[in-house]
Amino acid sequence: MLRRALRLGGGRGLVTRGPGSRGGGSTPGKDWDGKVSEIKKKIQSILPGGAWNPLYDTSHLPPEHSDVVIVGGGVLGLSVAYWLKKLEKRRGAIRVLVVERDHTYSQASTVLSIGGIHQQFSVPENIQLSLFSASFLRNINEYLAVVDAPPLDLQFNPLGYLLLASEKGAATMESNVRVQRQEGAKVCLMSPEQLRNKFPWINTEGVALASYGMENEGWFDPWCLLQGLRRKVQSMGVLFCQGEVTRFVSSSNHMKTTSGTEVTLKRIYEVHVKMDHSLEYQPVECAIVINAAGAWSGQVAELAGIGKGPPGTLQGTRLPVEPRKRYVYLWHCPQGPGLEAPLVTDISGAYFRREGLGNNYLGGLSPPEEEEPDPGNLEVDYGFFQDKVWPPLAQRVPAFETLKVRSAWAGYNDYNTFDQNGVVGPHPLVVNMYFAAGFSGHGLQQAPGVGRAVAEMVLEGHFQTIDLSPFLFSRFYLGEKIQEQVII
Amino acid sequence: MAAPRTSLRLVAAIWSGSTRGIHGLGGAAAPEGSQKKGKTLLQFLSDHFYDVEFLREYLLQRQMLKVHQENRFQNKEWIRPDERGRFPLEFSEFPGVPVEAVDASGCAINYDGLDNVLLLKELRSLSLRRCPNVDDWCLSHLHPLANSLQELSLAGCPHVSERGLACLHHLQNLRRLDISDLPAVSNPGLTRILVEEMLPNCEVVGADWAQGLNSEPEEQPQDRASPVHV
């Protein structure tokens, strides 16, 4: 293919003087015979049936022009692609290209997630996003219907989330539940006595209050959602490419603000997409770039020059998203909680939920800041379960004192080190890069809402349905944190 | 009028033509064999022309919208007590009588349609037999009826699975639950055991404990007990 074309000098020189034909005082006659045989070989290769082919196959490469390039093909990237195609004004108006580095999704956060969805946040926008996602998942076969394809079965388990709070966190929990109910989430508060009546397998020592989601909360199969989105988005005409974005080429515009300070606005006009296991790359000319690269969004933002500048300025503000490793363990406990067990989150941060009919449970714990495991690989540390996860779970659910770990896996959390909430919307200086990343563990459950918000921003210029202006990039420079009130 | 507190039985009219699946046009719900043999003209054309594909997608959307409209229409005139399809004359004289039983068998009620059933605070019996659009989400929506609901029948609903049955634990006053013939439940015998554990005061009918167990070969010794009684 390419190498063959290059070897033949790119089609220019057909007759190359090989090293053997030079040197030595060989007679002109002998030299001429060598040249003739070489020329004959070359002519034979050009003729039909020969080895030389100046036209080679580029079907694995992305197109040369695309209106929107979405970096990252996980649930957030595909959700943005879906809503862009759904909300475009004319059918086929926008050409969208999704670039995904790993088509097996082996390290993608989407598929390694436990698939939970809940509305028990304290930030109202998060609650609205989750409510919309619940209605999206409920009507998924209307949103993602493809003619001739079977309907999707998300295996949704509507059992809800149960959050426990100690004396210290009870007031926070009460105010959070008030906000949640205002936004329309069906959450109720339970006292320790009600907890014991409802879930007799819980040990309520140390628990002052619990909040329980009655509806629209539970867990589902993220792989099914991903495949459903992929199938629908392909039927709508979005192009897919397997490759890695290695470079952004942008043009700069030096402007002055009203107060006279100089500002450099950049526009990315070309994205270099490199193929796997090869030096081959394709420059894709584009109008808009969407950064939905999950745990690697920080690296993609650096490629665009975000964060390269003196610290403390807007040019020097990086995208503070980095990959953090989280473990999920699957264990079997024969006398464990029954079929009605919700996803229980303990005061210590340890959580668990039931998996299937056979008394299997899965759960884990977010480690504290100082003990974060190394995100270089996805290997599981079983010692973490023994030391940190099992004790609080066994204390909360006495049946878990006898359990047997079946397996475990690790996945990345696209952790926003600033305030652990997502980044949505355009960058103030690189004007055509839009973010949809950094959701720190709740990206899957907010993906439909965020996808719609980004599509509205791209197509209309402002948020229409859910106002996500508190999630813009500029908050990192201005220092305005939107942090969840964590219940201790 | 000192009418006695009669319990009203509400039966929805049988919509014979309406329970066509959402994917009836595409034929996707049909098993593989019949799909290959019975390809319609539109399916054939859509393989070859892009515009026909667009037409089929448009028709699909129309069909789905129709399901919604049927529910809304039903919500206005939800009650059809007579087999002949007429209102009994006394009905309009009982606006304050609480509804105690609703029979929605076979009708295309979905999640949004159930919102109207949930308004009936004294509902004792709900029958959702053979409803094609009742799924796990609908069952999770039933929790407001926890104080009054005593009888629930889900027989023959194709989209109800054990995950939906698990969220019936809110209905603590339930005395009779019918879960027969649920094709989406993966292990009916085990599900019945777990549901009985979850709802101790409820009589669960329809699923046999031994359902789902492999039948034992003849050579097994005779002193092996019959399926375990918990």
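Highest mean first, how do A:185-193, A:440-448 rank when packing is the count of other Cβ atoms within 10 Å averaged over residues?
Numbers: A:185-193: 17.2, A:440-448: 24.6.
Ranked from most to least packed, the peptides come out as A:440-448, A:185-193.
Put +1 on the Cβ of every Lys and Arg and -1 on every Asp and Glu Cβ in the range A:131-252; which of A:243, A:171, A:131 then has its Cα farthest towards the positive end of the dipole?
A:243
Near residue A:186, which aspartates and glutamates are there with a Cα under 13 Å away, not counting those fewer than 8 places off in the same chain?
Correct list for residue A:186: A:215, A:217.
When each pair of different Cα atoms in the range A:332-416 is counted once in the 1/r mean, what is the Kirkwood radius in angstroms, to one decimal? The partial results should precede the final answer.
Numbers: mean 1/r = 0.0723 Å⁻¹.
About 13.8 Å for the range A:332-416.
Past the 24 Å Cα-Cα mark, which pairs from A:308/A:481; A:89/A:266; A:198/A:325? All intermediate terms of the calculation are to be shown ahead of the outcome.
Details: A:308/A:481 22 Å; A:89/A:266 27 Å; A:198/A:325 34 Å.
Flagged as over cut-off: A:89/A:266; A:198/A:325.
When Cβ neighbours within 10 Å are restricted to other protein chains, what is their mean count per residue of peptide B:196-206? Display every interim value, and only then the final one.
Working: counts 1, 3, 4, 2, 0, 0, 0, 0, 0, 0, 0.
Rounded to a whole number, the mean comes out at 1.
What's the local net charge at residue B:176, with K and R +1, D and E -1, over the other residues with C-beta under 11 Å away? Show your work: numbers first, answer last.
On the way: positive: B:124, B:175; negative: B:151, B:178, B:203.
Neighbour charge sum, excluding residue B:176 itself: -1.
Which whole-number percent gives the relative contact order of chain A, counting Cα pairs below 8 Å spaced six or more residues apart? Show your work: numbers first, answer last.
Values: 988 pairs, mean separation 97.5, N = 488.
Over chain A, the number comes to 20 percent.
Can you give the percent of C-alpha pairs in the range A:261-332 whose distance is more than 14 Å? Walk me through the numbers before you get to the answer.
Details: 1856 of 2556 pairs.
Roughly 73 percent, rounded to a whole number.
Give me the number: length gained by fully extending residue A:469 to residue A:485, i.e. 0.36 nm times residue separation minus the C-alpha to C-alpha distance, one decimal in nm.
Between residue A:469 and residue A:485, full extension yields 3.9 nm more.
For the range B:129-199, what value does the Rg/Rh ratio take when both radii are computed over Cα atoms and Rh is the Kirkwood radius, given to two decimals? Mind showing how you got there, number by number?
Numbers: Rg = 11.0 Å, Rh = 12.0 Å.
Value, to two decimals: 0.92.
So how far apart, in nm, are the two label points at residue A:61 and residue A:255 if each is 7 Å from Cα heading toward Cβ?
3.4
Which of the GluC sites (Glu not before Pro) found in the range A:427-488 are loop residues per DSSP with 13 or fewer other Cβ atoms within 10 Å of their Cβ? Provide the component values of the computation, followed by the final result.
Details: sites: A:456, A:460, A:480, A:484; in loops: A:480, A:484.
Qualifying residues, ordered by number: A:480.
Summing +1 for each Lys or Arg and -1 for each Asp or Glu, what net charge is found among the other residues whose Cβ lies under 14 Å from the Cβ of residue A:386?
Numbers: positive: A:388, A:404; negative: A:381, A:387, A:401.
Combined, the nearby Lys, Arg, Asp and Glu give -1.
Could you work out how much longer the chain between residue A:263 and residue A:303 gets when fully extended? Use 0.36 nm per residue separation minus the Cα distance between them, nm to one decimal.
Details: separation 40, 0.36 × 40 = 14.40 nm, distance 1.96 nm.
Using 0.36 nm per residue and subtracting the Cα-Cα distance, I get 12.4 nm.
Give me the accessible area per residue for chain A, probe 1.4 Å, as a whole number in Å². Don't jump to the answer; show the numbers that get you there.
On the way: 22110 Å² over 488 residues.
On a per-residue basis, 45 Å².
Counting only other chains, what is the mean number of Cβ atoms within 10 angstrom of the Cβ of each residue in peptide B:156-163? Before the final figure, lay out each step's value.
Values: counts 0, 0, 0, 2, 0, 4, 4, 11.
Across B:156-163, the average partner-chain Cβ count within 10 Å equals 3.
Mind giving me the nanometre distance, one decimal, between the label points for residue A:189 and residue B:115, set 7 Å out from Cα along Cα→Cβ?
Each label point is offset 7 Å from its Cα along the Cβ direction, giving 2.8 nm.
Peptide B:165-171: average number of partner chain Cβ atoms within 10 Å per residue?
The per-residue average across the peptide is 5.
Roughly what angle does helix A:75-87 make with the longest principal axis of chain A, taking Cα atoms, 0 to 90 degrees, to the nearest 10?
80
Where does the Debye-calculated log10 I(q)/I(0) of the range A:262-414 sit at q = 0.09, 0.17, 0.19 Å⁻¹, using only Cα point scatterers of equal weight, no solvent?
Computed log10 I(q)/I(0) values: -0.49, -0.97, -1.12.
Kindly give Rg over Rh for chain A, based on alpha-carbon atoms, with the Kirkwood expression for the hydrodynamic radius. Mind dumping the intermediate values first?
Working: Rg = 28.0 Å, Rh = 25.4 Å.
Expressed as Rg/Rh, it is 1.10.
Taking chain A as the reference, fit the longest principal axis to its C-alpha atoms, fit the long axis of helix A:443-460 to the helix C-alpha atoms, and give the angle between the two in degrees, 0 to 90, nearest 10.
60
Give me the angle, in degrees from 0 to 90, between the Cα long axis of helix A:124-138 and the longest principal axis of the Cα atoms of chain A, rounded to the nearest 10.
For A:124-138 against chain A, the angle is about 80 degrees.
Please list A:70-81, A:55-66 highest first by mean number of surrounding beta-carbon atoms within 10 Å per residue.
Final packing ranking: A:70-81, A:55-66.
Tell me which aspartates and glutamates have Cα within less than 15 Å of residue A:168's Cα, excluding those fewer than 8 residues away on the same chain?
A:205, A:346
Please work out the FRET efficiency for the pair residue A:40 and residue A:275, using the Cβ-Cβ distance as r and a Förster radius of 41 Å; give the result to the nearest 0.05.
Numbers: r = 36 Å, r/R0 = 0.87.
FRET efficiency, residue A:40 to residue A:275: 0.70.
The values are calculated or read from the model by the stated rules, or taken from the named source; none is laboratory data. Since we're looking at a predicted model, the values are computed, not measured. A quick note on method: Cβ atoms are made from the backbone with ideal geometry, for glycine too, and the neighbour counts reach across all protein chains shown. Heads up: the accessible areas ignore ligands, DNA and RNA and are worked out on the full protein's heavy atoms, side chains in. Shrake-Rupley method; radii C 1.70, N 1.55, O 1.52, S 1.80 Å.
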